[in-house]
Amino acid sequence: MPEKFNLNTREELRARIGATVASIQNQATDLTAEALAAELEADANALAIRGFQLGLFAALGPDMGAHAFNDLTGRADISDAEAAHSMGLGHAAVSKVLIRVRRNLGMPPRVPNNARTGRKDSQ
């Protein structure tokens, strides 16, 4: 089950921001403006991704949200059918949710792996 957003997660995010600010203060004389910007940008990107992930968890539930996040980021290690079975849903229900999420985000529809590579299954 994916990690839930709770007070510990919030404190973890605050600690990360605090560590970045402390690191920048400690190295302020050694870092260029570009290096400072790169450190802040890296943390901002990580926090944005985490916030997006938590939004999916809140909107879709922790299990479906985790599967949607993994699908959107190309990290899905199980099929929709396997995910549906583990969540007690039908395959079509999971596929419809993922299609709707992509559409609402303005992303292109999902394409099966064999269509991406141009392979044709001969079965």
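Summary of values
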read-out	value
Qualifying residue in the range 37-58 (condition: within 22 Å of L105 (Cα to Cα) and part of a loop (DSSP other than H, G, I, E, B))	no
Output for the range 59-80, where each listed residue is more than 22 Å from P108 (Cα to Cα) and open to solvent by 50 Å² or more (accessible area, probe 1.4 Å)	D63
Some residue of the range 34-48 being farther than 25 Å from E12 by Cα and modelled with pLDDT under 90	yes
Conditions (1) of a type in the set (A, V, I, L, M); (2) surrounded by fewer than 13 Cβ atoms within 10 Å (Cβ to Cβ); (3) in contact (Cβ under 8 Å) with a residue 40 or more places away in the chain: number failed by L56	(2)
Filtered residues of the range 102-113 (kept if assigned to a helix (DSSP H, G or I) and either surrounded by 14 or more Cβ atoms within 10 Å (Cβ to Cβ) or not charged (D, E, K, R) (or both))	R102, N104, N113
Looking only at the range 87-101, and only at residues there that are of a type in the set (G, A, S) and over 16 Å from D71 (Cα atoms), the one that is surrounded by the most Cβ atoms within 10 Å (Cβ to Cβ)	G90
Among residues of the range 8-33, those that are open to solvent by 80 Å² or more (accessible area, probe 1.4 Å) and at pLDDT below 75, counted	4
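The values are calculated or read from the model by the stated rules, or taken from the named source; none is laboratory data. Model, not experiment: these values are computed from the prediction. In this analysis, Cβ positions are derived from the backbone assuming ideal geometry, glycine residues included, and neighbour counts consider all displayed protein chains. Calculation scope for accessible area: heavy atoms of the full protein, side chains included, ligands and nucleic acids excluded. Shrake-Rupley method; radii C 1.70, N 1.55, O 1.52, S 1.80 Å.
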